[in-house]
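One structure is given here, and the rest of the page talks about it.
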Amino acid sequence: MPRWLAHLLLIVGWLLTPVVAWGASFLGLWLGALVAIRFHSPAAMLGAAGALGLVCGFATLWVWVHLMRRVPHLLSHLMAPRASEQHDALPAAD
């Protein structure tokens, strides 16, 4: 993998962080609303839906940030070596 592509993937991954957190909290809120239908009190419904949205959003954000911190190490195994790191066998000039 070219080095510029690895750096681009890292930048795009960090820029996607708010989108991932928003999507997870939206999904959690939607699932919380499905669970909250069984309650009779509107305040309990809002509390349950909001709590599940909050938990899903923060849990996903925590996992995403830990994954993004490991990405440079994971990509380093796939990156092409730098030109200065390549060891070409040069014949000795005698």
Which value, in debye to the nearest 20, describes the size of the charge dipole of the chain about its Cα centre when Lys and Arg Cβ atoms bear +1, Asp and Glu Cβ atoms bear -1, and nothing else is charged? 460 debye
Could you list, bin by bin from short to long, the percent of Cα-Cα pairs of region 18-79 in 5 Å steps? 4, 20, 19, 15, 12, 10, 7, 5, 4, 2, 1, 0
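Could you work out the relative contact order of region 18-79? I mean the mean sequence separation of Cα pairs under 8 Å and 6+ apart, divided by the number of residues, in percent.
On the way: 60 pairs, mean separation 24.2, N = 62.
Relative contact order here is 39 percent.
Counting each DSSP H run of 4 or more residues in the chain as -39500 (n - 2.57), what helix-only mean residue ellipticity at 222 nm follows after dividing by all residues, to the nearest 500 deg cm²/dmol? Please report the intermediate quantities before stating the final value.
Numbers: 3 runs with 68 residues, N = 94.
That comes out to -25500 deg cm²/dmol.
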Would you work out which of Leu46, Pro81, Ala21 lies farthest towards the positive end of the dipole of the chain? Charges go on Cβ: Lys and Arg +1, Asp and Glu -1. Leu46
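A short reminder: the numbers here are calculations on the coordinates, not readings from a lab. Keep in mind that what you see is a predicted model, and the values were worked out from it rather than measured. Here Cβ is always computed from backbone atoms with ideal geometry, including for glycine, and neighbour counts include all displayed protein chains.
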